[in-house]
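Participant: Structure incoming, see below.
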Amino acid sequence: MLEKIFAATIVAGCLVLLLRVVLGVRRRARFDAALARWSHRIGARTDALFAWPAARRRARREAEAAIRRAREGGEWDGNVFRPKSFRNKRKMH
């Protein structure tokens, strides 16, 4: 069964490449663009299928915690953040 799927995939790929060779320059460019769009859509759907919702929730939670720490832990001078921990002058050796 696996061999048949692999063989069918190879035959389909060869047919696509043969079709691309037969097309003219303009049609080949349109064909390539359509193939790229199709490939991007399939890739995005595959990513969404295998993405773990728990990982998304964890990433969102970590980002919110980092933003909260940035807002609470120091002062903003324009777009420069100065944490409270940098206020103490350290003795340099």
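Participant: So the check is Cβ under 7 Å with 6+ separation or different chains; which pairs have a first residue in region 70-84 that's outside any strand (DSSP E or B) and a second one that's among the small types (Gly, Ala, Ser)?
Facilitator: These pairs meet every condition: LYS84/GLY73; LYS84/GLY74.
Participant: Only residues that are open to solvent by less than 100 Å² (accessible area, probe 1.4 Å), closer than 25 Å to PRO83 by Cβ and at pLDDT 90 or above: list them for region 39-72, please.
Facilitator: Matches in region 39-72: ALA59, ALA63, ALA65.
Participant: Right, here's the next one. Of all residues in region 19-38, how many are in a helix (DSSP H, G or I) and loosely packed, with under 10 Cβ neighbours inside 10 Å?
Facilitator: Going residue by residue through region 19-38, those that are in a helix (DSSP H, G or I) are 19-22, 25-38.
This time we only want the ones that are loosely packed, with under 10 Cβ neighbours inside 10 Å, so: 21-22, 25-26.
The qualifying residues number 4.
Participant: I need every pair where a residue in region 28-49 that is closer than 23 Å to LEU18 by Cβ has its Cβ under 8 Å from the Cβ of a residue that is assigned to a helix (DSSP H, G or I) and among the aliphatic types (A, V, I, L, M), sequence separation at least 6 or different chains.
Facilitator: As it stands, the answer is PHE31/LEU19; LEU35/VAL16, since those pairs meet every condition given.
Participant: Would it be correct to say that ALA59 is assigned to a helix (DSSP H, G or I) and either more than 18 Å from the chain's Cα centre (by Cα) or within 27 Å of LEU15 (Cβ to Cβ) (or both)?
Facilitator: Considered against the rule, which asks whether it is assigned to a helix (DSSP H, G or I) and either more than 18 Å from the chain's Cα centre (by Cα) or within 27 Å of LEU15 (Cβ to Cβ) (or both), ALA59 comes out as no.
Participant: All but one of (1) under 30 Å from LYS84 (Cβ atoms); (2) more than 26 Å from the chain's Cα centre (by Cα); (3) not hydrophobic (A, V, I, L, M, F, W, C) hold for GLU3; state the number of the condition that does not hold.
Facilitator: Here GLU3 clears every test but (1).
The values are calculated or read from the model by the stated rules, or taken from the named source; none is laboratory data. As the structure is a prediction and not an experimental result, all values here were calculated from the model. Cβ: placed from backbone, ideal geometry, glycine included. Neighbour counts: every protein chain shown. For the accessible areas, the whole protein counts, side chains as well, though only heavy atoms, and no ligand, DNA or RNA atoms are used. Shrake-Rupley method; radii C 1.70, N 1.55, O 1.52, S 1.80 Å.
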